[in-house]
1. Return only the number of the condition from (1) surrounded by fewer than 19 Cβ atoms within 10 Å (Cβ to Cβ); (2) of a type in the set (Lys, Arg); (3) closer than 21 Å to residue 27 by Cβ that residue 384 does not satisfy.
2. Kindly evaluate residue 138 against the criterion of being at positive phi, in contact (Cβ under 8 Å) with a residue 12 or more places away in the chain, not hydrophobic (A, V, I, L, M, F, W, C) and not in a helix (DSSP H, G or I).
3. Of the residues that make up segment 394-402, is at least one under 26 Å from residue 6 (Cβ atoms), modelled with pLDDT of 95 or more, assigned to a strand (DSSP E or B) and within 25 Å of the chain's Cα centre (by Cα)?
4. Answer with yes or no whether residue 333 is of a type in the set (Lys, Arg) and on the phi > 0 side of the Ramachandran plot.
5. Output the number of the condition that residue 150 fails; it satisfies all remaining conditions of (1) surrounded by fewer than 17 Cβ atoms within 10 Å (Cβ to Cβ); (2) touching a Phe, Trp or Tyr at 6+ places or on another chain (Cβ under 9 Å); (3) at pLDDT 95 or above; (4) of a type outside the set (Lys, Arg).
6. Name the single residue that is nearest to the chain's Cα centre (by Cα) among those in segment 239-264 being away from the ligand (no atom under 16 Å from the Cβ) and small (Gly, Ala, Ser).
7. What are the residues in segment 91-143 that are closer than 18 Å to residue 66 by Cα and among the acidic types (Asp, Glu), if any?
8. Quick one: which residue in 184, 172 is exposed (fewer than 12 other Cβ atoms within 10 Å of the Cβ) and hydrophobic (A, V, I, L, M, F, W, C)?
Amino acid sequence: MQKLLSDLGTVTAIIGAQWGDEGKGKVTDILGEHFDVLARACGGANAGHTIVIAGKKHVFRLLPSGCLHPGKPVVLGTGMVIHLPTLLEEIEMLEKANIEIVHRLHISAAAHIVFDYHKELDAWQEEQKGKDSIGTTKRGIGPAYMDKIGRTGIRIGTPESEIKSALTTRAVSLKKETGLTMNVDHEMAEVARALKKVGSRIHASVPTLLHDFLSRKKSIVIEGAQATLLDIDHGTYPYVTSSSTTAAGALQGLGLAPRALSSCIGVVKAYCTRVGSGHFEAEEKGERGDRLRERGGEYGSITGRPRRCGWLSITDLKFSSMINGFTLLNLTKLDVLDEEEEIPVQDEHGTWQSLPGWKTSTVGITAWDKLPSAARTYIDWIEKAAGVPVRMIGTGPGREQMIVR
Ligand code: IMP
């Protein structure tokens with residue numbers, strides 16, 4: 001671990017290499033122990049980062065998963081869209097577990113607010129699209145980013161009186177365009193409730209704050225949200241989320257200079273899943289897909305939706321590595337493949353072939369040389385084909401179920 005930590009350097013970003021749900025929460029939690037500052041850059045409560053500690057499951061949607069480590073500063077960056085009641089819920093969950101969070105929270109004043117009406121609008125837009133719907137999480141992400149990019153969004157640092165007046169105006173156009181009714185009083189009550197709890201934690205300049213941390217030699221771990229193939233620019237548009245999910249997007253969302261990044265961890269599942277609509281070349285619709293889903297517990301952590309399952313595409317992984325500049329990979333959920341007779345892989349031309357499976361349990365293995373040789377062959381193949389070393393290998397949901405090399 002020491003060697004890995006020294007290779008990661010001062011600022012590392014954890015970025016999903018596929019369509020999300022690769023298991024970024026677990027690696028953020030593990031690294032959170034060793035880094036000084038925990039930051040999230042983009043996205044909102046569409047994320048659902050699950051981590052398991054002592055058999056207990058915690059799901060984070062807005063706070064970075066590393067926040068379970070007491071006392072460390074937690075930053076919610078400018079690139080985020082924040083649904084305030086969800087943030088309060090997460091704070092409450094931590095407080096119930098006796099983990100103090102409010103006094104170490106730094107929320108960017110320039111992050112945008114997701115209102116409840118954004119969620120309703122998200123659902124409405126999906127309905128309008130009918131069979132062409134994106135399959136969003138209905139957390140209001142698209143509508144909130146539409147407002148942001150359209151320069152009509154409301155930032156967390158906006159004075160309450162201005163929020164009220166902007167919402168009152170918006171309520172009229174919303175009704176006219178969609179027939180939806182916005183409850184301005186309810187939205188304002190939620191804003192007031194949130195400000196009471198975290199108003200003092202709103203930071204006028206997150207870039208300056210992070211710069212100060214760096215000048216005091218503090219290390220930062222950035223937890224990416226969603227994943228590369230869901231990126232608004234580089235993903236499988238239009239079946240993507242509305243934010244920039246890459247390493248570059250994370251830096252932009254936090255206001256960190258590109259040269260501040262010392263390493264970038266690509267998180268890639270040993271197979272592949274996708275929720276929502278859109279292209280998925282290696283999707284396995286039959287019995288094998290069902291087995292991956294059951295063994296991997298592949299159901300949305302916030303929506304409960306069954307995830308589409310299939311195989312790791314090296315073509316996609318190479319693309320993700322290229323645009324993010326992964327310096328190492330964290331291969332997750334290797335043990336889910338334990339029962340497979342063979343594992344489909346692509347050759348250098350993208351043609352699908354297969355490697356033999358290992359048909360034995362890898363659950364909880366923590367040493368590379370204890371892995372069955374067929375599993376090592378599979379990982380060696382990924383490493384070689386992607387051109388990036390696989391330095392962390394997940395063998396179960398628990399914090400300790402990980403091979404580090
Ligand atoms: P939205 O981000 O809710 O607008 O959803 C857009 C697309 O991104 C849908 O296909 C979602 O299923 C997908 N998506 C958004 N967040 C996540 C995530 O955290 N994991 C996996 N898929 C996600």
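The values are calculated or read from the model by the stated rules, or taken from the named source; none is laboratory data. Keep in mind that this is a model prediction, so the values were computed, not measured. Quick reminder, even Gly has a Cβ in these numbers, built from the backbone with ideal geometry, and neighbours come from all protein chains shown.
1. Unmet condition: (3).
2. On the way: at positive phi: yes; in contact (Cβ under 8 Å) with a residue 12 or more places away in the chain: yes; not hydrophobic (A, V, I, L, M, F, W, C): yes; not in a helix (DSSP H, G or I): yes.
Taking the combined requirement at face value, the residue satisfies it.
3. yes
4. It is true that residue 333 is of a type in the set (Lys, Arg) and on the phi > 0 side of the Ramachandran plot.
5. The number of the failed condition is (2).
6. Start the filter on segment 239-264 by keeping residues that are away from the ligand (no atom under 16 Å from the Cβ), which leaves 247-248, 251-252, 254-264.
Subset that is small (Gly, Ala, Ser): 247-248, 255, 257, 260, 262-263.
Details: 247: 12, 248: 15, 255: 18, 257: 21, 260: 21, 262: 20, 263: 17 Å.
My answer is 247.
7. If the condition is that a residue be closer than 18 Å to residue 66 by Cα and among the acidic types (Asp, Glu), then 92, 95, 100 are the ones that fit.
8. Values: 184 fails: exposed (fewer than 12 other Cβ atoms within 10 Å of the Cβ).
So the residue among 184, 172 that is exposed (fewer than 12 other Cβ atoms within 10 Å of the Cβ) and hydrophobic (A, V, I, L, M, F, W, C) is 172.
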